[in-house]
Amino acid sequence: RVNAVKGAIGRIDVTAVPRPILVVEGGGEERVKVYCGGFETDASDDTCLPPEAPAVANIDDRWVTVGPVEADGARHADFRTLRRHRVRWPAGLAVENAELRYDHRAVLAQRDGDSLVTQAAGPLVLRLHTKAAPLGADYDVTLPVDDGAAVDVVVDPTSAKKSTSASGARISLLRPSDRSDRVLEVAATDFRNDHYESLPWPSNDRLDVPFRRGVVRIGADDLAPIRLYLGEIDVPAAEWGTASLALTVTGVSDKAVAATVVLDGMEFNVGTDGRLEVLGLLAGVHQALVLSEDRTHAKAWRFSIAARQRLEKRVRIFGP
């Protein structure tokens, strides 16, 4: 830091300290990425790093820690001996899906029987999806970061820190007035992870999603989408409205054409008869976009609808 004074001449002594070069072993330097202090660079013959700053190197999804300065004055990234930790669980759990997570995000790991093999390290969470816990049960796992031999960890099935009910939210579904069974399209996010699912209407009128907080959108082929914000109440309810939209899409000759309709953010397919009816609309203002089958023509509009109203609309999308 230098303090400058108007009209004064200051003198600064600068000492240049050479940085150690990076030596990559067991991998071609031209394919190695180096991450240090929030910066990313390609490894080369003249790559230099601060002597004590933490750094990692990556090649084809293989990660190693860059070591401290050695006797040759260089820091080394050694890909010749990669540690692969193994995390096991009892075979009787009948695990359908397993993943290791850090800060709510999945890390690279390979399934090997009743275990996961990974090069990740540090405080992680093992999430196991079973029939008893379809949304996943979480187990704390700590894998050593320091260089050394790989470890083999076996989780205790009684140590799950989240039950099915605690790891997600349960939504109460209030059926539309026609009481029909439908295939639901569910999209959910907690703003870090996304979840998509198509499933028959649950017989108990309950829908489980894997997040406690976030946003869920629920819709069906002929049902208006509903958007819910998780975390505001313990058991949110998805309740559809009593209004409906009957749409007819035509071309320049007023002949029915196939199209795509985006209503309140959800896509609906219109067949060659040009007809679409969407039920369960809530009273209020809605937005719609009609796209031609080849996506070259479109018309957008906003409309208001009242409770129990059936709004009939004819849309011409080709030509004026």
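The values are calculated or read from the model by the stated rules, or taken from the named source; none is laboratory data. Values in this document were obtained by computation on a predicted structure and should not be read as measured data. Cβ sites come from the backbone with ideal geometry, for glycine too, and all protein chains shown count toward neighbours.
Does K299 qualify as being surrounded by 14 or more Cβ atoms within 10 Å (Cβ to Cβ), among the basic types (K, R), free of Cβ contacts under 8 Å to residues at least 40 places away in the same chain and part of a strand (DSSP E or B)? Considered against the rule, which asks whether it is surrounded by 14 or more Cβ atoms within 10 Å (Cβ to Cβ), among the basic types (K, R), free of Cβ contacts under 8 Å to residues at least 40 places away in the same chain and part of a strand (DSSP E or B), K299 comes out as yes.
Considering V235, V262, which residue is hydrophobic (A, V, I, L, M, F, W, C), at pLDDT below 90 and surrounded by fewer than 17 Cβ atoms within 10 Å (Cβ to Cβ)? Before you say what the answer is, go through the steps one by one.
Numbers: V262 fails: at pLDDT below 90.
Every option except V235 fails the conditions.
In the range 102-118, of all residues being at pLDDT below 80 and not aliphatic (A, V, I, L, M), the one that is nearest to the chain's Cα centre (by Cα) corresponds to R105.
As a summary of the residue check, V285 satisfies the conditions (1) part of a strand (DSSP E or B); (2) surrounded by 12 or more Cβ atoms within 10 Å (Cβ to Cβ) except for the one numbered (2).
A single entry from V151, V183, V216 fulfils the requirement of being at pLDDT 85 or above and surrounded by fewer than 18 Cβ atoms within 10 Å (Cβ to Cβ): V183.
When V95, V87, V56, V64 are screened for being part of a strand (DSSP E or B), among the β-branched types (V, I, T) and under 20 Å from D156 (Cβ atoms), only V87 passes.
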